[in-house]
1. Filter the stretch 42-78 for residues that are acidic (Asp, Glu) and crowded, with 16+ Cβ neighbours inside 10 Å; which is modelled with the lowest pLDDT?
2. Which pairs do you get when a residue that is under 16 Å from THR344 (Cβ atoms), found in the stretch 261-284, comes within reach of a residue that is aliphatic (A, V, I, L, M) and loosely packed, with under 15 Cβ neighbours inside 10 Å, reach meaning Cβ atoms under 8 angstrom, with the pair 6+ apart or on two chains?
3. Any residue that is of a type outside the set (Phe, Trp, Tyr) and under 30 Å from GLN326 (Cβ atoms) - is there at least one of those in the stretch 93-113?
4. Output the number of the condition that TYR81 fails; it satisfies all remaining conditions of (1) part of a helix (DSSP H, G or I); (2) modelled with pLDDT of 90 or more; (3) touching a Phe, Trp or Tyr at 6+ places or on another chain (Cβ under 8 Å); (4) over 17 Å from LEU149 (Cβ atoms).
5. Can you tell me how many residues in the stretch 229-280 are outside any loop (DSSP other than H, G, I, E, B), surrounded by 17 or more Cβ atoms within 10 Å (Cβ to Cβ) and of a type in the set (Val, Ile, Thr)?
6. Can you tell me which residue in the stretch 361-410 is farthest from TRP336 (Cα to Cα), limited to those that are at pLDDT below 95 and in a loop (DSSP other than H, G, I, E, B)?
7. May I ask you to list pairs of residues, at least six apart or on different chains, whose Cβ atoms are under 6 Å apart, with the first in the stretch 290-308 being free of Cβ contacts under 8 Å to residues at least 40 places away in the same chain and farther than 19 Å from VAL398 by Cβ and the second being acidic (Asp, Glu) and part of a strand (DSSP E or B)?
8. Being of a type in the set (Val, Ile, Thr) and over 24 Å from GLY388 (Cβ atoms) is the filter here; which residues of the stretch 301-329 pass it?
Amino acid sequence: MLYHIRRLWRFESPSAKDWTIYFTLFILAQIPAIINFYYNDGESNAYTAFAQSLLNGQLNLPQMSNYGDMAFYNDAYYLPYPPLPAVILMPFVAIFGAGAVNTVAIATLFACFSLHTLFKIFQKLGIDAQYYAWLFLGFFFGTGYWLALFNSHHSYSFAHIISCLFQLLIINEFLGKKRWFLIGVFIGCSFLTRQFTILYSLMALGYIIHTYSQTGKKLHLKNIFALISSTGVFILIYLLYNYARFDDFLDTGYNYILYLGILKERVAEYGVFHARYFLYNLYCFLIKGFNIEFEGNSNLVIKDMDLWGTSLLAASPFLIASVKAQWPKILRVSAWLTIIFILTGQLFYHNNGWQQVNASRFSLDFLPLLIVLTALGLPQLPKWLFKGMIVYAVLLNVISFLIHSLYQTH
């Protein structure tokens, strides 16, 4: 084992045996998360409850003991979030029942698919194999992805894991066969999981333009039509889904959510989206540091981790390599525009991802694209610096998870 770790540290290209060990360790690392599920009722994940509703031919939620963050409309409770994760869970719920479906185990399976897809992406980009294991370590364990995986017994974290896979599938298809209809399907699936990821359409259009500029051919409108039509089907599904629940195509139900605590106060005063949230969210996303909360008369007793999270740059500094990405200009520009537009929408939202540990979990709506830019910029940084930043990011996650698990009930 130490031999393989030394090979990893020296940036030696991994052998087949190395990959077997790395993949085994990846699975083993999820065991605490899967065990963590059994400390939570399976029905606490609203997606399993909604899957049961769909199997019963209903759009409102069944009777549950926990309706936190759910919408209340016309004397019934509804899931305000996009429905695809519940659709994915329907076969499991049909077989095992909503309370017995281990969403963490299912999320772990999706994470394995994500790892495999990311591997194919790096191959197609021509990334040197010596960097693969480090990039995997950074992406899965040095960002908010690990937090989402560990907490995927909750609906929002489970949705992040599902969306990340579809985002990776989008990028993989860009770099591979470029089937624009299928890319639209992947964008639509991600949209029906996390709405802001519809903006991956910008990256898709940029890639269409780049493809034809490289070949010198005229731009084929059929590719744009294939992309728009397939994505449009999912947008139409969402509009109809809204109308069926709230009698309005554009009403997502967020205004009916039974908010608690500070979020209730915010929404009551400013609404779901407002410019008043921008400055705080920007601070939390780019500047806010790692923060352990202390209490007591002398302020020396650990209370918990700061559940407003840690900024992306403070928690995952290795992502700074993304600004050095070497990619054709139109791809680089369209990638950054996609990231910036998704982020901008999030900055006006009433919630920055609250109830998160050492993460800005909303960054998962564009993290797969950001890790691609990071991989392309990695050779521009000293190896020792990149390794150090990844080790630092992973250790911060380990420390914060341990503190939160030990002190969250105090």
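The values are calculated or read from the model by the stated rules, or taken from the named source; none is laboratory data. Since the structure is predicted, the reported quantities are computational estimates derived from the model, not experimental observations. Counting neighbours? That spans all protein chains shown, and the Cβs are built from the backbone with ideal geometry, glycine included.
1. Filtering the stretch 42-78 down to residues acidic (Asp, Glu) leaves 43, 69, 75.
Narrowing the set further to residues that are crowded, with 16+ Cβ neighbours inside 10 Å leaves 43, 69.
Details: GLU43: 62, ASP69: 81.
The residue in question is GLU43.
2. none
3. Yes.
4. (1)
5. Of the residues in that region, 3 qualify.
6. HIS410
7. VAL301/GLU295
8. Scanning the stretch 301-329 gives VAL301, ILE302.
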